[in-house]
Amino acid sequence: MRRGVTFIEILLVVAITAILAGVTVVNLLGKRSGLELQTTTRQIVALLREAQSNSINQASSTSWGVRFENGTSTAPFYALFFGAYATTTRSGYYRLPPNVRYATSSIPQGSSTNVLFSQITGFPLATTTVVLELLGGGTVASSVIQVSRNGSITH
């Protein structure tokens with residue numbers, strides 16, 4: 001009887017290893033993308049709460065808000081601002097990650113939405129819903145951020 005490993009056995013081990021490695025890489029990339037959606041959602045909620053807090057505390061003696069822009073010529077972004085939105089009143093500017101986008105049902109392509117909080121009360125001027133979508137060969141997952149008229153911010 002011969003001892004040793006045949007060429008077919010080596011090919012079989014290499015093929016199984018390659019399949020397992022491929023499945024692992026795809027799985028890890030999917031988790032990373034899902035983490036980007038969760039992180040972006042949390043950052044937006046934190047920014048909304050910061051704007052609300054600044055309005056309650058009357059920072060800079062004015063109201064504060066967050067602008068969500070889904071531009072056609074620029075990358076989608078969200079920005080903290082005070083008073084009326086303008087590039088000169090932005091206090092923070094953040095782009096969405098490449099694999100995260102605004103759902104067109106909440107912010108249509110080429111438009112923007114401002115969430116402005118009233119001074120002292122911190123109530124938003126209107127109820128707003130922002131939906132984020134994770135892309136990956138279509139919409140893979142989504143996250144909903146709700147700003148209610150009573151000032152609650154949920155996701």
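The values are calculated or read from the model by the stated rules, or taken from the named source; none is laboratory data. This structure is a prediction, so every number in the text was calculated from the model and none was measured. Quick reminder, even Gly has a Cβ in these numbers, built from the backbone with ideal geometry, and neighbours come from all protein chains shown.
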(request) Looking at (1) within 22 Å of the chain's Cα centre (by Cα); (2) free of Cβ contacts under 8 Å to residues at least 60 places away in the same chain; (3) more than 23 Å from G151 (Cα to Cα), find the lone condition where A21 falls short. (result) (1)
(message) Which condition from (1) surrounded by fewer than 16 Cβ atoms within 10 Å (Cβ to Cβ); (2) modelled with pLDDT of 95 or more; (3) over 15 Å from the mean Cα position of the chain (by Cα) is the one that F82 breaks?
(response) (1)
(request) Just name the residue that is surrounded by the fewest Cβ atoms within 10 Å (Cβ to Cβ) out of those in the range 140-153 that are touching a residue at least 24 places away in the same chain (Cβ under 8 Å) and of a type in the set (S, T, Y). (result) S148
(request) Give, as residue ranges, the strands (runs of 3 or more DSSP E) completely inside the range 65-117 that count at least 2 residues that are in contact (Cβ under 8 Å) with a residue 40 or more places away in the chain and either more than 21 Å from G137 (Cα to Cα) or not basic (K, R) (or both). (result) 90-95, 111-117
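Which one is surrounded by the most Cβ atoms within 10 Å (Cβ to Cβ), of the residues in the range 62-77 that are more than 20 Å from A46 (Cβ to Cβ) and of a type in the set (S, T, N, Q)?
In the first step, residues of the range 62-77 are kept if they are more than 20 Å from A46 (Cβ to Cβ); the result is 62, 70-75.
Filter once more, so that each one left must be of a type in the set (S, T, N, Q): 62, 70, 72-74.
Values: T62: 15, N70: 22, T72: 7, S73: 5, T74: 9.
Across the range 62-77, the extreme among qualifying residues is N70.
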(request) Answer yes if at least one residue in the range 52-72 is in contact with a strand residue (DSSP E or B) (Cβ under 6 Å, 6 or more places away or on another chain) and either of a type in the set (D, E, K, R) or modelled with pLDDT under 90 (or both), and no otherwise. (result) yes
(message) Whether any residue in the range 43-54 is without any contact (Cβ under 8 Å) to a residue 40 or more places away in the chain and closer than 20 Å to L135 by Cα is what I want to check.
(response) no
(message) Exactly one of these conditions fails for S106: (1) at negative phi; (2) touching a Gly at 6+ places or on another chain (Cβ under 8 Å); (3) of a type outside the set (A, V, I, L, M, F, W, C). Give me its number.
(response) (2)
